[in-house]
Amino acid sequence: MSIATHPETTTSTSPRLTGFHHLGLTVRDIDASERWYAEVLGLTRMFVEPHSVGDGHTVVMTRPGTALFLGLDHHPQADHERFDPRRTGLDHLAVKLDARSDLDAWTAHLDGLGVAHGAVRDSDTPRSAAMVVPDPDGIPIELFWLES
C-alpha cells in the first residue's frame with residue numbers, strides 16, 4: 001500500500017467534475033433517521049422520491065443555506081444490519097466546518113441533546129480538528145475543520 005501523495009496533473013482526458021452533489025445512505029428506520037438528522041444536524045426535508053426500481057423511496061434532506069444534500073434511502077429488502085465500516089462501501093461521512101470553534105459549539109449542542117459523540121481530535125499536520133458522532137445506524141458522521 002502506498003500513502004504517497006500524487007502530484008496535481010494539468011492534463012486530463014476525463015470530462016469536468018465540479019464537486020459532490022449529494023450522498024445517499026441506506027438506513028434501517030427511515031423515520032428515526034429523518035428525525036435524527038433534523039434534530040441533531042439541522043437538516044430539513046426537501047422532498048420524497050420513489051426509487052426507479054423496486055418499492056423503496058428516498059427522503060431528500062438539506063441544510064438550509066448550504067450546498068449539503070443527503071438522501072436517506074429506504075429499501076424494504078435491506079438486511080437491516082447495523083453499519084460496519086469494515087464492509088466494502090462507505091467508511092464515514094465528513095461534514096465541513098468553517099472554524100475550529102464550531103467544534104466547541106457542536107460539542108455543546110450534542111451534549112445538550114444527550115447525543116453520544118467522540119472527543120474533538122486536533123492535528124497539526126495539516127492543522128485540523130474533527131469529532132465523530134454516530135447516526136442511529138452507527139454511520140460515523142465526522143464534523144471536520146481544516147485550516148485554510
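The values are calculated or read from the model by the stated rules, or taken from the named source; none is laboratory data. Please read these numbers as outputs of a predicted model, since none were measured by experiment. Note that each Cβ is placed from the backbone with ideal geometry, even for glycine, and that neighbours are counted across all protein chains shown.
For region 20-33, how many residues are without any contact (Cβ under 8 Å) to a residue 40 or more places away in the chain and closer than 14 Å to Phe69 by Cβ? Full working, then the answer.
As a first pass, look at region 20-33 and keep what is without any contact (Cβ under 8 Å) to a residue 40 or more places away in the chain: 20, 31.
Adding the requirement that they be closer than 14 Å to Phe69 by Cβ leaves 20.
Here the count works out to 1.
Restricting the search to region 26-68, which residues are in a helix (DSSP H, G or I), crowded, with 17+ Cβ neighbours inside 10 Å, out of contact with any helix residue (DSSP H, G or I) (no Cβ under 7 Å at 6 or more places or on another chain) and among the aliphatic types (A, V, I, L, M)? I'd like the intermediate steps shown before the answer.
Going residue by residue through region 26-68, those that are in a helix (DSSP H, G or I) are 30-41.
Subsequent filtering for residues that are crowded, with 17+ Cβ neighbours inside 10 Å retains 30, 33-34, 36-37, 40-41.
Within this subset, residues satisfying the condition of being out of contact with any helix residue (DSSP H, G or I) (no Cβ under 7 Å at 6 or more places or on another chain) are 30, 33-34, 36-37, 41.
Passing the criteria: Ile30, Leu41.
Out of (1) at pLDDT 95 or above; (2) under 15 Å from the mean Cα position of the chain (by Cα); (3) not assigned by TED's automatic domain parsing to the domain that holds Asp29, the odd one out for Leu103 is which?
Unmet for Leu103, out of (1) at pLDDT 95 or above; (2) under 15 Å from the mean Cα position of the chain (by Cα); (3) not assigned by TED's automatic domain parsing to the domain that holds Asp29: (2).
Out of Ala99, Ala78, I need the residue that is in contact (Cβ under 8 Å) with a residue 40 or more places away in the chain, among the small types (Gly, Ala, Ser), closer than 22 Å to Phe20 by Cβ and part of a loop (DSSP other than H, G, I, E, B). Which one? Give the derivation first.
On the way: Ala78 fails: closer than 22 Å to Phe20 by Cβ.
The match here is Ala99.
Among what's in region 117-139 and is surrounded by fewer than 16 Cβ atoms within 10 Å (Cβ to Cβ) and under 16 Å from the mean Cα position of the chain (by Cα), pick the residue that is farthest from Asp31 (Cα to Cα). Can you show your working first?
Keep residues of region 117-139 that are surrounded by fewer than 16 Cβ atoms within 10 Å (Cβ to Cβ), which gives 118-119, 121-128, 138.
Still in the running and under 16 Å from the mean Cα position of the chain (by Cα): 118, 138.
Working: Gly118: 25, Gly138: 16 Å.
Filtering first and then ranking leaves Gly118.
Please state which of the following conditions Asp111 fails to meet, knowing it meets all the rest: (1) over 18 Å from Trp145 (Cα atoms); (2) outside the structural domain of Leu146 (by TED's automatic domain parsing); (3) free of Cβ contacts under 8 Å to residues at least 60 places away in the same chain.
(2)
I want to confirm something. Restricting to region 33-68 and keeping residues that are at pLDDT below 95 and hydrophobic (A, V, I, L, M, F, W, C), which single residue is farthest from Ala94 (Cα to Cα)?
Of everything passing the filter in region 33-68, Val53 is farthest from Ala94 (Cα to Cα).
In region 85-100, which residues are within 15 Å of the chain's Cα centre (by Cα) and either exposed (fewer than 11 other Cβ atoms within 10 Å of the Cβ) or under 19 Å from Leu68 (Cβ atoms) (or both)?
The first filter runs over region 85-100 and keeps only residues within 15 Å of the chain's Cα centre (by Cα), leaving 85, 89-97.
Scanning region 85-100 gives Gly89, Leu90, Asp91, His92, Leu93, Ala94, Val95, Lys96, Leu97.
For region 69-84, enumerate the residues that are closer than 11 Å to Ile30 by Cβ, over 14 Å from the mean Cα position of the chain (by Cα), surrounded by 11 or more Cβ atoms within 10 Å (Cβ to Cβ) and not hydrophobic (A, V, I, L, M, F, W, C).
Residues of region 69-84 closer than 11 Å to Ile30 by Cβ: 71-76, 78.
Then drop every residue that is not over 14 Å from the mean Cα position of the chain (by Cα), which leaves 74-76, 78.
After this cut, where a residue has to be surrounded by 11 or more Cβ atoms within 10 Å (Cβ to Cβ) as well, the list is 74-75, 78.
Within region 69-84, His74, His75 qualify.
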